[in-house]
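The values are calculated or read from the model by the stated rules, or taken from the named source; none is laboratory data. None of these values were measured; they are calculated from a predicted model. Here the Cβ positions follow ideal geometry from the backbone for every residue, glycine too, while neighbour counts run over all protein chains shown. Accessible surface is based on the protein model in full, side chains and every heavy atom, while ligands, DNA and RNA are left aside. Shrake-Rupley method; radii C 1.70, N 1.55, O 1.52, S 1.80 Å.
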Amino acid sequence: MMIRVSRILAVIAITSVVQMFVAVSPTAIQAQLKPRIFVNTTQDLAAQPDHCLPGNLCPIRAALEKSESVSGGAIITACLDPAVVPGATRCPGGREPLAQDDRNFNAATGQWSIPLTPASLPIQMTKGGTEIDFSLMLDEYVGPSDNRVVFDGSGGGLQIAIQIESNDNVLRGFDLRGGYSESAIVLQPNVELEGASNNQLGPGLVFRDITEGNAVRIRGANTVNNRIIGSWCGLSGDGRSVAPVSADCVYLNSGTQGNVIGGEAPEDRNLLAASELGVGVKIENERTTGNIIRGNWLGLDIDGSPTSGLFTGVLIVDRASDNLIIDNVIGASRSEGISIGGETSRTLIEGNAIGIGPDGETCVGNQTYGIALQFGPRSTRIIKNHIACNERGGVVLTGPGTFDNTLSENGITNNSGNAIDLAQRSNGRLEPPEIFVVEHRRVTGRACPGCIVEAFTDPVGEAAHFEGRVTANATDGTFELSAPTGFALRALTLTQTQGKNTSALTTFRAVPGAGTAGPTEPTPTPPIGPSPTGGLLVGRIFMPWTADRAWFRTTD
(Lines give C-alpha, C1' and ligand atoms only; values in the text may rest on other atoms or scores of the structure.)
Protein backbone atom coordinates (compact mmCIF):
# COMPACT_ATOMS: atom_id res chain seq x y z
CA MET A 1 0.00 0.00 0.00
CA MET A 2 2.83 2.36 0.87
CA ILE A 3 4.51 1.55 -2.45
CA ARG A 4 1.33 2.40 -4.39
CA VAL A 5 0.91 5.71 -2.53
CA SER A 6 4.55 6.62 -3.20
CA ARG A 7 4.12 5.86 -6.88
CA ILE A 8 0.98 7.99 -7.05
CA LEU A 9 2.72 10.89 -5.35
CA ALA A 10 5.67 10.53 -7.70
CA VAL A 11 3.38 10.66 -10.74
CA ILE A 12 1.63 13.76 -9.35
CA ALA A 13 4.98 15.45 -8.73
CA ILE A 14 6.26 14.65 -12.22
CA THR A 15 2.98 15.82 -13.77
CA SER A 16 3.16 19.10 -11.85
CA VAL A 17 6.70 19.72 -13.07
CA VAL A 18 5.70 19.01 -16.67
CA GLN A 19 2.70 21.34 -16.39
CA MET A 20 4.91 24.05 -14.94
CA PHE A 21 7.18 23.91 -17.99
CA VAL A 22 4.32 23.58 -20.46
CA ALA A 23 2.72 26.73 -19.02
CA VAL A 24 5.78 28.76 -20.07
CA SER A 25 5.82 29.49 -23.79
CA PRO A 26 8.88 28.61 -25.89
CA THR A 27 9.27 32.31 -26.66
CA ALA A 28 9.35 33.20 -22.95
CA ILE A 29 11.89 30.45 -22.24
CA GLN A 30 14.04 31.62 -25.14
CA ALA A 31 13.93 35.22 -23.82
CA GLN A 32 14.99 34.06 -20.36
CA LEU A 33 17.96 32.19 -21.85
CA LYS A 34 19.19 35.07 -24.02
CA PRO A 35 22.54 36.53 -22.98
CA ARG A 36 22.63 40.15 -21.84
CA ILE A 37 25.01 42.78 -23.15
CA PHE A 38 25.43 45.91 -21.01
CA VAL A 39 25.97 49.30 -22.66
CA ASN A 40 28.19 51.38 -20.35
CA THR A 41 28.92 54.50 -22.39
CA THR A 42 26.84 57.02 -24.29
CA GLN A 43 29.55 57.61 -26.91
CA ASP A 44 28.48 56.69 -30.46
CA LEU A 45 31.60 54.71 -31.37
CA ALA A 46 32.29 52.35 -34.23
CA ALA A 47 32.47 48.75 -32.98
CA GLN A 48 35.91 47.40 -32.05
CA PRO A 49 36.90 43.76 -31.26
CA ASP A 50 37.59 44.49 -27.59
CA HIS A 51 34.37 46.41 -27.00
CA CYS A 52 31.89 44.94 -24.51
CA LEU A 53 34.46 42.61 -22.95
CA PRO A 54 34.63 42.80 -19.11
CA GLY A 55 36.23 46.06 -18.05
CA ASN A 56 36.04 47.65 -21.52
CA LEU A 57 33.78 50.21 -23.17
CA CYS A 58 30.52 48.89 -24.60
CA PRO A 59 28.83 51.45 -26.91
CA ILE A 60 25.47 50.74 -28.53
CA ARG A 61 26.84 49.82 -31.98
CA ALA A 62 29.31 47.32 -30.52
CA ALA A 63 26.58 45.85 -28.35
CA LEU A 64 24.40 45.32 -31.42
CA GLU A 65 27.26 43.71 -33.33
CA LYS A 66 27.84 41.31 -30.42
CA SER A 67 24.13 40.51 -30.24
CA GLU A 68 23.88 39.76 -33.93
CA SER A 69 26.82 37.37 -33.68
CA VAL A 70 24.84 35.23 -31.21
CA SER A 71 22.45 32.61 -32.57
CA GLY A 72 18.95 33.86 -31.71
CA GLY A 73 20.25 37.27 -30.63
CA ALA A 74 20.82 38.83 -27.22
CA ILE A 75 19.29 41.45 -24.93
CA ILE A 76 21.01 44.83 -25.01
CA THR A 77 20.42 46.81 -21.83
CA ALA A 78 22.25 49.02 -19.33
CA CYS A 79 22.73 49.14 -15.60
CA LEU A 80 22.01 52.62 -14.28
CA ASP A 81 23.87 54.19 -11.41
CA PRO A 82 21.82 53.41 -8.24
CA ALA A 83 23.04 56.71 -6.77
CA VAL A 84 21.06 58.45 -9.52
CA VAL A 85 18.18 56.06 -10.16
CA PRO A 86 16.43 54.65 -7.07
CA GLY A 87 15.47 51.04 -7.61
CA ALA A 88 18.05 50.43 -10.31
CA THR A 89 19.41 46.90 -10.30
CA ARG A 90 23.13 46.65 -9.67
CA CYS A 91 25.31 45.34 -12.47
CA PRO A 92 26.44 41.73 -12.41
CA GLY A 93 30.10 41.17 -11.65
CA GLY A 94 32.57 42.65 -14.10
CA ARG A 95 30.01 45.00 -15.72
CA GLU A 96 29.96 48.77 -15.37
CA PRO A 97 26.84 50.94 -15.20
CA LEU A 98 26.02 54.14 -17.03
CA ALA A 99 27.35 56.49 -14.37
CA GLN A 100 26.55 60.05 -13.38
CA ASP A 101 30.00 61.19 -14.51
CA ASP A 102 29.23 60.09 -18.09
CA ARG A 103 29.70 63.06 -20.41
CA ASN A 104 26.10 62.88 -21.65
CA PHE A 105 24.31 62.51 -18.32
CA ASN A 106 21.81 65.29 -17.64
CA ALA A 107 21.39 65.72 -13.90
CA ALA A 108 18.31 67.91 -14.36
CA THR A 109 16.34 65.18 -16.16
CA GLY A 110 18.15 62.13 -14.76
CA GLN A 111 18.62 60.84 -18.30
CA TRP A 112 21.59 59.64 -20.34
CA SER A 113 21.63 60.77 -23.99
CA ILE A 114 23.34 58.79 -26.74
CA PRO A 115 24.16 61.49 -29.31
CA LEU A 116 24.01 59.93 -32.77
CA THR A 117 26.92 61.16 -34.86
CA PRO A 118 25.82 63.59 -37.61
CA ALA A 119 25.85 62.00 -41.08
CA SER A 120 26.51 58.54 -39.55
CA LEU A 121 24.79 55.37 -40.70
CA PRO A 122 21.66 54.34 -38.82
CA ILE A 123 21.85 51.76 -36.06
CA GLN A 124 21.09 48.81 -38.33
CA MET A 125 19.40 45.63 -37.11
CA THR A 126 20.04 43.07 -39.85
CA LYS A 127 20.22 39.62 -38.22
CA GLY A 128 17.08 39.40 -36.04
CA GLY A 129 16.27 38.33 -32.53
CA THR A 130 17.85 41.30 -30.74
CA GLU A 131 16.10 43.08 -27.89
CA ILE A 132 17.15 46.61 -26.98
CA ASP A 133 15.54 47.12 -23.58
CA PHE A 134 16.67 49.95 -21.32
CA SER A 135 13.84 49.28 -18.87
CA LEU A 136 15.09 45.83 -17.94
CA MET A 137 17.36 46.82 -15.04
CA LEU A 138 14.80 49.12 -13.39
CA ASP A 139 12.82 47.27 -10.74
CA GLU A 140 10.17 50.00 -10.48
CA TYR A 141 9.76 50.68 -14.20
CA VAL A 142 6.11 51.42 -14.99
CA GLY A 143 6.08 53.04 -18.41
CA PRO A 144 7.47 55.72 -20.73
CA SER A 145 7.70 58.35 -17.99
CA ASP A 146 10.39 56.21 -16.35
CA ASN A 147 12.73 56.18 -19.37
CA ARG A 148 16.35 57.03 -18.58
CA VAL A 149 18.06 56.61 -21.97
CA VAL A 150 17.61 58.89 -25.02
CA PHE A 151 18.77 58.31 -28.59
CA ASP A 152 19.50 61.88 -29.64
CA GLY A 153 19.76 62.86 -33.30
CA SER A 154 19.49 66.58 -32.73
CA GLY A 155 22.98 67.12 -34.16
CA GLY A 156 21.46 66.98 -37.64
CA GLY A 157 22.47 65.23 -40.85
CA LEU A 158 20.74 61.94 -40.02
CA GLN A 159 18.36 60.01 -42.23
CA ILE A 160 17.26 57.35 -39.72
CA ALA A 161 18.10 56.57 -36.10
CA ILE A 162 17.28 52.84 -36.04
CA GLN A 163 16.78 50.78 -39.21
CA ILE A 164 15.27 47.29 -38.85
CA GLU A 165 15.69 44.88 -41.78
CA SER A 166 15.22 41.60 -39.93
CA ASN A 167 12.70 39.67 -37.87
CA ASP A 168 11.76 39.17 -34.21
CA ASN A 169 13.48 42.22 -32.76
CA VAL A 170 12.10 44.15 -29.77
CA LEU A 171 12.71 47.77 -28.76
CA ARG A 172 11.66 48.88 -25.25
CA GLY A 173 12.11 51.60 -22.69
CA PHE A 174 13.88 54.57 -24.29
CA ASP A 175 13.27 57.96 -25.91
CA LEU A 176 14.10 59.14 -29.43
CA ARG A 177 14.50 62.79 -30.36
CA GLY A 178 16.17 64.92 -33.05
CA GLY A 179 15.76 65.49 -36.78
CA TYR A 180 15.69 62.73 -39.43
CA SER A 181 15.23 63.24 -43.15
CA GLU A 182 13.36 59.90 -43.20
CA SER A 183 12.09 58.68 -39.81
CA ALA A 184 13.38 57.98 -36.33
CA ILE A 185 12.69 54.24 -36.79
CA VAL A 186 12.23 52.47 -40.14
CA LEU A 187 11.16 48.86 -40.70
CA GLN A 188 11.79 47.77 -44.28
CA PRO A 189 13.05 44.93 -46.53
CA ASN A 190 16.79 44.44 -46.97
CA VAL A 191 18.62 44.60 -50.30
CA GLU A 192 17.51 41.02 -51.09
CA LEU A 193 13.91 42.21 -50.52
CA GLU A 194 13.54 40.05 -47.42
CA GLY A 195 11.14 41.85 -45.13
CA ALA A 196 11.21 42.92 -41.50
CA SER A 197 8.52 40.90 -39.76
CA ASN A 198 7.26 40.07 -36.27
CA ASN A 199 9.12 42.98 -34.70
CA GLN A 200 7.79 44.79 -31.64
CA LEU A 201 8.22 48.50 -30.93
CA GLY A 202 7.38 49.13 -27.28
CA PRO A 203 6.23 49.18 -24.69
CA GLY A 204 7.93 52.28 -23.42
CA LEU A 205 9.17 54.04 -26.56
CA VAL A 206 8.85 57.84 -26.57
CA PHE A 207 9.12 59.87 -29.77
CA ARG A 208 9.50 63.51 -28.77
CA ASP A 209 10.89 66.71 -30.23
CA ILE A 210 11.33 65.09 -33.66
CA THR A 211 12.12 68.27 -35.58
CA GLU A 212 12.14 66.60 -39.01
CA GLY A 213 10.65 63.34 -40.28
CA ASN A 214 8.25 60.70 -39.00
CA ALA A 215 8.42 58.84 -35.73
CA VAL A 216 7.96 55.34 -37.29
CA ARG A 217 7.74 54.21 -40.90
CA ILE A 218 6.87 50.63 -41.85
CA ARG A 219 7.13 49.83 -45.55
CA GLY A 220 7.48 47.05 -48.09
CA ALA A 221 5.37 44.09 -49.22
CA ASN A 222 7.44 41.61 -47.22
CA THR A 223 7.34 43.71 -44.06
CA VAL A 224 4.46 42.13 -42.16
CA ASN A 225 3.00 41.43 -38.74
CA ASN A 226 4.86 44.06 -36.71
CA ARG A 227 3.45 45.65 -33.54
CA ILE A 228 3.67 49.07 -31.92
CA ILE A 229 2.42 49.01 -28.33
CA GLY A 230 2.49 51.06 -25.13
CA SER A 231 4.41 54.01 -26.60
CA TRP A 232 4.07 57.78 -26.91
CA CYS A 233 4.37 60.14 -29.86
CA GLY A 234 4.56 63.89 -29.29
CA LEU A 235 4.66 63.75 -25.49
CA SER A 236 7.49 63.91 -23.00
CA GLY A 237 8.11 63.78 -19.26
CA ASP A 238 5.04 62.60 -17.38
CA GLY A 239 2.92 62.36 -20.53
CA ARG A 240 1.40 65.83 -20.22
CA SER A 241 4.07 67.98 -21.89
CA VAL A 242 3.51 68.28 -25.64
CA ALA A 243 6.73 67.70 -27.62
CA PRO A 244 5.57 67.16 -31.22
CA VAL A 245 7.08 65.20 -34.03
CA SER A 246 7.39 66.92 -37.40
CA ALA A 247 5.52 64.54 -39.72
CA ASP A 248 3.47 61.42 -38.97
CA CYS A 249 3.59 59.39 -35.78
CA VAL A 250 3.15 56.11 -37.69
CA TYR A 251 3.35 55.83 -41.49
CA LEU A 252 2.51 52.53 -43.24
CA ASN A 253 3.04 52.29 -47.00
CA SER A 254 4.43 50.40 -50.01
CA GLY A 255 2.48 47.22 -49.38
CA THR A 256 3.19 46.48 -45.72
CA GLN A 257 0.53 44.19 -44.26
CA GLY A 258 -0.84 42.82 -41.02
CA ASN A 259 0.74 45.34 -38.68
CA VAL A 260 -1.01 46.19 -35.40
CA ILE A 261 -0.84 49.65 -33.85
CA GLY A 262 -2.08 49.24 -30.27
CA GLY A 263 -4.12 46.29 -29.03
CA GLU A 264 -7.01 45.13 -26.90
CA ALA A 265 -5.24 45.40 -23.52
CA PRO A 266 -4.96 48.83 -21.84
CA GLU A 267 -1.20 48.42 -21.55
CA ASP A 268 -0.96 48.12 -25.35
CA ARG A 269 -2.48 51.59 -25.82
CA ASN A 270 -0.32 54.09 -27.70
CA LEU A 271 -0.68 57.83 -27.08
CA LEU A 272 -0.28 59.39 -30.53
CA ALA A 273 -0.59 62.94 -29.38
CA ALA A 274 1.09 65.65 -31.41
CA SER A 275 2.62 66.44 -34.80
CA GLU A 276 3.51 69.74 -36.40
CA LEU A 277 2.40 68.74 -39.92
CA GLY A 278 1.25 65.13 -39.85
CA VAL A 279 -1.26 62.64 -38.53
CA GLY A 280 -1.46 59.98 -35.86
CA VAL A 281 -1.50 57.01 -38.27
CA LYS A 282 -1.24 57.22 -42.06
CA ILE A 283 -1.89 54.19 -44.30
CA GLU A 284 -1.11 54.57 -47.99
CA ASN A 285 -0.81 52.64 -51.28
CA GLU A 286 -2.81 49.92 -53.00
CA ARG A 287 -1.08 46.89 -51.48
CA THR A 288 -0.99 48.24 -47.93
CA THR A 289 -3.68 46.07 -46.44
CA GLY A 290 -4.89 44.24 -43.37
CA ASN A 291 -3.39 46.65 -40.84
CA ILE A 292 -5.13 47.26 -37.51
CA ILE A 293 -5.26 50.47 -35.46
CA ARG A 294 -6.78 49.46 -32.16
CA GLY A 295 -7.28 50.84 -28.67
CA ASN A 296 -5.14 53.96 -29.03
CA TRP A 297 -5.68 57.55 -27.91
CA LEU A 298 -5.03 60.02 -30.71
CA GLY A 299 -4.70 63.75 -30.12
CA LEU A 300 -4.84 63.29 -26.33
CA ASP A 301 -2.34 63.20 -23.47
CA ILE A 302 -2.02 60.64 -20.69
CA ASP A 303 -5.03 62.15 -18.85
CA GLY A 304 -7.21 62.14 -21.97
CA SER A 305 -6.93 65.92 -22.27
CA PRO A 306 -6.75 67.37 -25.80
CA THR A 307 -3.38 68.41 -27.20
CA SER A 308 -4.73 69.90 -30.49
CA GLY A 309 -1.56 68.31 -31.79
CA LEU A 310 -2.59 66.30 -34.90
CA PHE A 311 -3.74 67.47 -38.29
CA THR A 312 -5.84 64.28 -38.61
CA GLY A 313 -6.17 61.33 -36.26
CA VAL A 314 -6.13 58.54 -38.87
CA LEU A 315 -5.64 59.02 -42.62
CA ILE A 316 -6.09 56.22 -45.20
CA VAL A 317 -5.49 57.05 -48.87
CA ASP A 318 -4.29 55.89 -52.29
CA ARG A 319 -6.21 52.61 -52.67
CA ALA A 320 -5.23 51.05 -49.36
CA SER A 321 -7.74 48.30 -48.56
CA ASP A 322 -9.09 46.10 -45.78
CA ASN A 323 -7.62 48.13 -42.92
CA LEU A 324 -9.31 48.30 -39.50
CA ILE A 325 -9.78 51.23 -37.10
CA ILE A 326 -11.24 49.79 -33.89
CA ASP A 327 -11.89 51.00 -30.33
CA ASN A 328 -9.74 54.15 -30.46
CA VAL A 329 -10.38 57.53 -28.85
CA ILE A 330 -9.74 60.29 -31.38
CA GLY A 331 -10.08 63.98 -30.59
CA ALA A 332 -8.90 67.54 -31.01
CA SER A 333 -7.55 67.10 -34.55
CA ARG A 334 -7.12 70.25 -36.60
CA SER A 335 -9.22 68.66 -39.36
CA GLU A 336 -11.04 65.29 -39.30
CA GLY A 337 -10.83 62.61 -36.66
CA ILE A 338 -10.70 59.94 -39.39
CA SER A 339 -10.21 60.75 -43.08
CA ILE A 340 -10.53 58.16 -45.86
CA GLY A 341 -9.64 59.49 -49.31
CA GLY A 342 -9.42 58.32 -52.91
CA GLU A 343 -10.23 54.83 -54.15
CA THR A 344 -9.70 53.08 -50.84
CA SER A 345 -11.91 50.10 -50.09
CA ARG A 346 -13.32 47.95 -47.31
CA THR A 347 -12.13 49.98 -44.34
CA LEU A 348 -13.80 48.98 -41.07
CA ILE A 349 -14.35 51.82 -38.57
CA GLU A 350 -15.89 50.29 -35.47
CA GLY A 351 -16.31 51.10 -31.79
CA ASN A 352 -14.36 54.36 -31.78
CA ALA A 353 -15.05 57.46 -29.68
CA ILE A 354 -14.56 60.40 -32.05
CA GLY A 355 -14.77 63.84 -30.49
CA ILE A 356 -15.51 62.37 -27.04
CA GLY A 357 -12.83 61.79 -24.41
CA PRO A 358 -11.98 58.44 -22.82
CA ASP A 359 -14.19 59.29 -19.83
CA GLY A 360 -17.21 59.06 -22.14
CA GLU A 361 -18.33 62.58 -21.27
CA THR A 362 -15.78 65.29 -22.08
CA CYS A 363 -16.01 66.97 -25.50
CA VAL A 364 -12.68 66.84 -27.37
CA GLY A 365 -14.15 67.66 -30.76
CA ASN A 366 -12.27 67.62 -34.04
CA GLN A 367 -12.20 70.91 -35.89
CA THR A 368 -14.03 69.67 -39.00
CA TYR A 369 -15.82 66.29 -39.16
CA GLY A 370 -15.64 63.23 -36.99
CA ILE A 371 -15.31 61.00 -40.07
CA ALA A 372 -14.83 62.09 -43.69
CA LEU A 373 -15.00 59.82 -46.76
CA GLN A 374 -13.94 61.88 -49.75
CA PHE A 375 -13.76 61.32 -53.50
CA GLY A 376 -13.69 57.58 -53.91
CA PRO A 377 -13.87 55.38 -50.79
CA ARG A 378 -16.16 52.38 -51.17
CA SER A 379 -17.39 49.47 -49.09
CA THR A 380 -16.50 51.30 -45.88
CA ARG A 381 -18.30 50.05 -42.75
CA ILE A 382 -18.86 52.66 -40.04
CA ILE A 383 -20.27 50.67 -37.17
CA LYS A 384 -21.10 51.37 -33.49
CA ASN A 385 -18.97 54.48 -33.15
CA HIS A 386 -19.72 57.39 -30.80
CA ILE A 387 -19.31 60.63 -32.74
CA ALA A 388 -19.94 63.96 -31.03
CA CYS A 389 -18.77 67.52 -30.51
CA ASN A 390 -17.18 67.91 -33.96
CA GLU A 391 -17.23 71.42 -35.34
CA ARG A 392 -18.59 70.82 -38.86
CA GLY A 393 -20.54 67.61 -38.46
CA GLY A 394 -20.52 63.94 -37.58
CA VAL A 395 -19.92 62.00 -40.81
CA VAL A 396 -19.52 63.41 -44.31
CA LEU A 397 -19.37 61.51 -47.61
CA THR A 398 -18.31 63.43 -50.71
CA GLY A 399 -18.24 62.67 -54.46
CA PRO A 400 -20.04 60.30 -56.84
CA GLY A 401 -17.19 57.77 -56.60
CA THR A 402 -17.88 57.43 -52.88
CA PHE A 403 -20.45 54.61 -52.70
CA ASP A 404 -21.42 51.34 -51.02
CA ASN A 405 -20.56 52.80 -47.63
CA THR A 406 -22.59 51.47 -44.70
CA LEU A 407 -23.36 53.27 -41.45
CA SER A 408 -25.02 51.29 -38.67
CA GLU A 409 -25.75 51.68 -34.95
CA ASN A 410 -23.58 54.78 -34.53
CA GLY A 411 -24.33 57.22 -31.74
CA ILE A 412 -24.02 60.65 -33.40
CA THR A 413 -24.98 63.82 -31.52
CA ASN A 414 -24.00 67.30 -30.42
CA ASN A 415 -22.11 68.08 -33.63
CA SER A 416 -22.28 71.60 -35.04
CA GLY A 417 -23.26 70.42 -38.53
CA ASN A 418 -25.28 67.48 -39.84
CA ALA A 419 -24.99 64.10 -38.16
CA ILE A 420 -24.66 62.43 -41.60
CA ASP A 421 -24.01 64.53 -44.70
CA LEU A 422 -24.10 62.99 -48.19
CA ALA A 423 -22.57 65.51 -50.60
CA GLN A 424 -22.02 65.54 -54.35
CA ARG A 425 -24.02 62.39 -55.18
CA SER A 426 -22.20 60.14 -52.72
CA ASN A 427 -23.72 56.77 -51.77
CA GLY A 428 -25.83 56.83 -54.93
CA ARG A 429 -27.80 59.84 -53.70
CA LEU A 430 -29.91 57.54 -51.54
CA GLU A 431 -32.62 59.59 -49.85
CA PRO A 432 -33.78 59.03 -46.25
CA PRO A 433 -36.96 57.03 -45.70
CA GLU A 434 -40.38 58.64 -45.24
CA ILE A 435 -41.98 58.74 -41.79
CA PHE A 436 -45.77 58.23 -41.57
CA VAL A 437 -46.59 58.02 -37.86
CA VAL A 438 -44.51 58.30 -34.69
CA GLU A 439 -45.96 56.98 -31.45
CA HIS A 440 -44.37 56.39 -28.07
CA ARG A 441 -43.64 52.74 -28.92
CA ARG A 442 -43.60 52.54 -32.72
CA VAL A 443 -42.87 54.34 -35.96
CA THR A 444 -44.25 53.58 -39.42
CA GLY A 445 -43.20 54.78 -42.82
CA ARG A 446 -41.93 53.88 -46.29
CA ALA A 447 -38.38 53.06 -47.42
CA CYS A 448 -36.97 51.53 -50.57
CA PRO A 449 -38.35 47.98 -50.98
CA GLY A 450 -36.37 45.44 -48.98
CA CYS A 451 -34.09 48.08 -47.45
CA ILE A 452 -32.85 48.11 -43.84
CA VAL A 453 -34.34 50.91 -41.72
CA GLU A 454 -32.62 51.97 -38.50
CA ALA A 455 -34.19 54.21 -35.87
CA PHE A 456 -32.44 56.59 -33.47
CA THR A 457 -33.54 59.01 -30.79
CA ASP A 458 -31.71 62.08 -29.57
CA PRO A 459 -32.26 65.10 -27.32
CA VAL A 460 -31.85 67.55 -30.21
CA GLY A 461 -32.66 65.70 -33.44
CA GLU A 462 -29.50 63.76 -34.30
CA ALA A 463 -28.84 60.09 -33.49
CA ALA A 464 -27.54 59.66 -29.94
CA HIS A 465 -29.26 56.34 -29.20
CA PHE A 466 -29.81 53.40 -31.55
CA GLU A 467 -33.36 52.12 -31.10
CA GLY A 468 -33.43 49.16 -33.51
CA ARG A 469 -33.79 48.11 -37.12
CA VAL A 470 -36.37 46.55 -39.40
CA THR A 471 -36.47 45.38 -43.04
CA ALA A 472 -38.94 47.27 -45.23
CA ASN A 473 -41.56 45.36 -47.20
CA ALA A 474 -40.00 43.92 -50.37
CA THR A 475 -42.94 45.04 -52.51
CA ASP A 476 -43.96 48.54 -51.43
CA GLY A 477 -41.25 49.50 -48.89
CA THR A 478 -43.61 50.06 -45.98
CA PHE A 479 -42.31 49.29 -42.52
CA GLU A 480 -43.22 49.34 -38.85
CA LEU A 481 -40.54 49.47 -36.14
CA SER A 482 -41.53 48.86 -32.52
CA ALA A 483 -39.88 49.81 -29.23
CA PRO A 484 -41.64 47.65 -26.59
CA THR A 485 -40.68 49.91 -23.67
CA GLY A 486 -40.99 53.14 -25.61
CA PHE A 487 -38.46 55.27 -27.44
CA ALA A 488 -35.80 56.66 -25.11
CA LEU A 489 -35.44 60.30 -26.15
CA ARG A 490 -37.70 63.02 -27.47
CA ALA A 491 -36.61 63.34 -31.13
CA LEU A 492 -36.68 60.37 -33.53
CA THR A 493 -34.72 60.04 -36.80
CA LEU A 494 -34.26 57.23 -39.32
CA THR A 495 -31.77 56.06 -41.94
CA GLN A 496 -32.19 53.44 -44.65
CA THR A 497 -29.58 51.17 -46.24
CA GLN A 498 -29.98 49.82 -49.75
CA GLY A 499 -27.40 47.14 -50.43
CA LYS A 500 -24.38 48.76 -48.79
CA ASN A 501 -25.39 52.41 -49.30
CA THR A 502 -26.76 54.22 -46.25
CA SER A 503 -28.76 57.44 -46.41
CA ALA A 504 -28.54 60.56 -44.29
CA LEU A 505 -30.95 60.98 -41.38
CA THR A 506 -34.55 62.02 -41.79
CA THR A 507 -35.66 65.29 -40.28
CA PHE A 508 -36.52 64.50 -36.68
CA ARG A 509 -40.04 63.83 -35.53
CA ALA A 510 -41.25 64.30 -31.96
CA VAL A 511 -41.86 61.19 -29.83
CA PRO A 512 -45.11 61.52 -27.83
CA GLY A 513 -44.55 60.91 -24.15
CA ALA A 514 -40.75 61.20 -24.36
CA GLY A 515 -40.38 64.88 -23.54
CA THR A 516 -41.18 68.03 -25.47
CA ALA A 517 -41.73 68.02 -29.20
CA GLY A 518 -38.16 69.01 -29.90
CA PRO A 519 -35.79 71.91 -29.50
CA THR A 520 -36.95 75.35 -30.55
CA GLU A 521 -33.62 76.94 -29.64
CA PRO A 522 -30.14 75.62 -28.83
CA THR A 523 -30.14 73.83 -25.49
CA PRO A 524 -27.34 72.14 -23.56
CA THR A 525 -26.90 68.51 -24.58
CA PRO A 526 -26.22 65.87 -21.94
CA PRO A 527 -22.71 64.49 -22.34
CA ILE A 528 -22.48 61.27 -24.31
CA GLY A 529 -19.80 58.77 -25.05
CA PRO A 530 -18.72 55.16 -25.08
CA SER A 531 -19.40 52.77 -22.28
CA PRO A 532 -16.89 49.99 -21.60
CA THR A 533 -19.71 47.48 -21.75
CA GLY A 534 -20.70 48.30 -25.32
CA GLY A 535 -23.42 50.89 -25.12
CA LEU A 536 -23.86 54.63 -25.01
CA LEU A 537 -23.89 57.04 -22.12
CA VAL A 538 -26.47 59.81 -22.43
CA GLY A 539 -25.87 61.95 -19.40
CA ARG A 540 -25.40 59.28 -16.74
CA ILE A 541 -27.88 56.78 -18.26
CA PHE A 542 -26.49 53.65 -19.91
CA MET A 543 -28.26 52.56 -23.07
CA PRO A 544 -27.08 49.14 -24.28
CA TRP A 545 -26.57 48.21 -27.91
CA THR A 546 -28.75 45.19 -28.48
CA ALA A 547 -29.33 44.61 -32.20
CA ASP A 548 -27.58 41.84 -34.11
CA ARG A 549 -24.94 43.28 -36.44
CA ALA A 550 -24.12 40.17 -38.50
CA TRP A 551 -26.10 41.41 -41.52
CA PHE A 552 -23.47 43.95 -42.59
CA ARG A 553 -20.55 41.44 -42.59
CA THR A 554 -20.38 41.33 -46.36
CA THR A 555 -17.58 41.18 -48.91
CA ASP A 556 -17.19 42.46 -52.43
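Its Cα gyration tensor gives the stretch 108-237 an equivalent ellipsoid; the semi-axes, largest first and in whole Å, are 23, 18, 12.
In the chain, the DSSP beta bridges split such that about 30 percent are antiparallel, to the nearest 5. Short to long, the 10 Å bins of the Cα pair-distance histogram for the stretch 192-336 hold 14, 47, 34, 6, 0 percent of all pairs.
Rg over Rh for the stretch 36-111 works out to 0.97, both radii taken from alpha-carbon positions and Rh defined as the Kirkwood radius. Here the chain has 51 percent of its accessible surface on carbon and sulfur atoms, given a 1.4 Å probe and all protein chains in place. Net charge in the neighbourhood of Asp301 (other residues with Cβ under 12 Å of its Cβ; Lys, Arg +1, Asp, Glu -1) is -1.
Between the residues Thr402, Ala419, Val437, the greatest Cα displacement towards the positive end of the dipole of the stretch 377-438, with unit charges on the Cβ of Lys, Arg, Asp and Glu, is found for Thr402. Heavy-atom accessible area, probed at 1.4 angstrom with all protein chains present, ranks Ile185, Ile292 as Ile292, Ile185, highest first. Here the Karplus relation 6.51 cos²θ - 1.76 cosθ + 1.60, evaluated at θ = phi - 60°, turns the backbone of the stretch 506-512 into coupling constants of 5, 5, 5, 10, 5, 9, x Hz, with x for every Gly and Pro.
Taking amide H atoms as placed 1.01 Å from N in the peptide plane, the amide H of Val206 lies under 5 Å from those of Phe174, Asp175, Leu176, Trp232, each 5 or more residues away in sequence or on another chain. Per residue, the convex hull around the alpha carbon atoms of the chain comes to 207 Å³. When only Cα pairs below 8 angstrom with a gap of at least 6 residues are kept, the stretch 39-170 shows a relative contact order of 26 percent.
What separates the Cα centres of the stretch 307-352 and the stretch 357-402 is a distance of 9 Å. Against the compact-protein benchmark of 2.2 N^0.38 Å, the Cα-based radius of gyration of the stretch 93-168 scales to 1.26. Hull volume per residue, based on the alpha-carbon atoms of the stretch 42-85 and their convex hull, is 85 Å³. Both radii come from the Cα set of the stretch 351-481: Rg as radius of gyration, Rh as Kirkwood radius; their ratio Rg/Rh reads 0.98. Here the Debye sum runs over all C-alpha atoms of the stretch 82-135 as equal scatterers in vacuum, and log10 of I(q)/I(0) at q = 0.13, 0.30 Å⁻¹ comes out as -0.50, -1.24. Taking all Cα pairs closer than 8 Å and separated by 6 or more residues, the relative contact order of the stretch 364-462 comes to 24 percent.
Assuming charge only on the beta carbon of Lys and Arg (+1) and of Asp and Glu (-1), the dipole of the chain about its Cα centre is about 1060 debye to the nearest 20. Across every pair of non-identical alpha carbons in the stretch 353-395, the mean reciprocal distance, once inverted, gives a Kirkwood radius of 11.0 Å.
For the stretch 314-319, 3J(HN,Hα) computed residue by residue from phi via the Karplus equation (6.51, -1.76, 1.60; θ = phi - 60°) reads 10, 10, 10, 9, 6, 6 Hz, glycine and proline entered as x. In the chain, Cα pairs under 8 Å separated by at least six residues give a relative contact order of 6 percent. Its alpha carbons considered, the stretch 156-218 gives a radius of gyration followed by a Dmax of 11.7, 34 Å. The largest-to-smallest principal axis extents of the Cα set in the stretch 408-451 are 32, 28, 17 Å. Could you give the distance between the Cα centres of the stretch 106-143 and the stretch 431-467, to the whole Å? Between the Cα centre of the stretch 106-143 and that of the stretch 431-467, the gap is 57 Å.
Rolling a 1.4 angstrom probe over the protein heavy atoms with all chains in place gives the stretch 185-236 an accessible area of 31 Å² per residue.
In the full protein context, the stretch 390-489 carries 38 Å² of accessible surface per residue, based on a 1.4 Å probe and ignoring ligands, DNA and RNA.
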